[in-house]
1. Using DSSP to call loops (not H, G, I, E or B), can you name the GluC sites (Glu not before Pro) in region 1-83 whose Cβ has at most 12 other Cβ atoms within 10 angstrom?
2. Given an 8 Å cut-off on Cα distances and at least 6 residues of separation, report the relative contact order of the chain as a percent.
3. Compute the accessible area per residue over region 26-98, keeping the other protein chains in place, probe 1.4 Å, unit Å².
4. For every helix of n ≥ 4 consecutive DSSP H residues, a contribution of -39,500 (n - 2.57) applies; sum these over the chain, divide by its total residues, and give [θ] at 222 nm rounded to the nearest 500 deg cm²/dmol.
5. Per residue of region 43-55, in order, report the coupling 6.51 cos²θ - 1.76 cosθ + 1.60 (Karplus, θ = phi - 60°) as ³J(HN,Hα) in whole Hz, putting x for Gly and Pro.
6. Are there trypsin sites (Lys or Arg not before Pro) in region 1-74 that DSSP marks as loop and that have at most 13 other Cβ atoms within 10 Å, and which are they?
7. Run the accessible area of the chain with a 1.4 Å probe and give the carbon-and-sulfur part as a rounded percent.
8. What residue among 82, 37, 60 shows peak mean-square fluctuation when the chain is described by a Gaussian network model with Cα springs under 10 Å?
Amino acid sequence: TAADKCRYDAWVEVPVDFVPNKTTSIATLPGGRYAVAKFTGSVPDIGLAWTELLRDWLPASGMQCDGRPCYEFYPVDASYDAATGVFSCDLCLPVRAA
């Protein structure tokens, strides 16, 4: 995908009474079934982790992607090592039965 066609959305949980300004908006992450893979590595590694999840795990799982967004979840207790760049998160892939 050409760089000018790529986009990145960052989502954070906000209180119910949060009022967005001109640079923010409110959206709800759709619920449903997600395959979740634990990831620990560096920025160069995470692309390969997504590729393996989609290329290797998904076809063998009997599941298929649906139209909801894939996302990376960084819980409050996620790790990050500034010296090595190694971090942890969950790779979340929306799935449904094939």
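1. Numbers: sites: 13, 52, 72; in loops: 13.
Answer in residue order: 13.
2. Values: 100 pairs, mean separation 34.1, N = 98.
Here the relative contact order equals 35 percent.
3. On the way: 4640 Å² over 73 residues.
Here the residues of region 26-98 average 64 Å² of exposed surface.
4. Details: 2 runs with 14 residues, N = 98.
Dividing the helical sum by the residues of the chain leaves -3500 deg cm²/dmol.
5. Karplus values, whole Hz, x for Gly and Pro: 3, x, 7, 5, x, 5, 4, 5, 4, 5, 4, 7, 7.
6. Details: sites: 5, 7, 22, 33, 38, 55; in loops: 7, 22, 33.
Qualifying residues, ordered by number: 7, 22, 33.
7. Numbers: 4320 of 7500 Å².
Here carbon and sulfur together make up 58 percent of the probe-accessible area.
8. 82
The values are calculated or read from the model by the stated rules, or taken from the named source; none is laboratory data. Nothing here was measured: the structure is a model prediction, and the numbers come from that model. Neighbour counts run over all protein chains shown; Cβ positions are idealised from the backbone, glycine included. We work out accessible area using only protein heavy atoms, side chains counted, and drop any ligands, DNA or RNA first. Shrake-Rupley method; radii C 1.70, N 1.55, O 1.52, S 1.80 Å.
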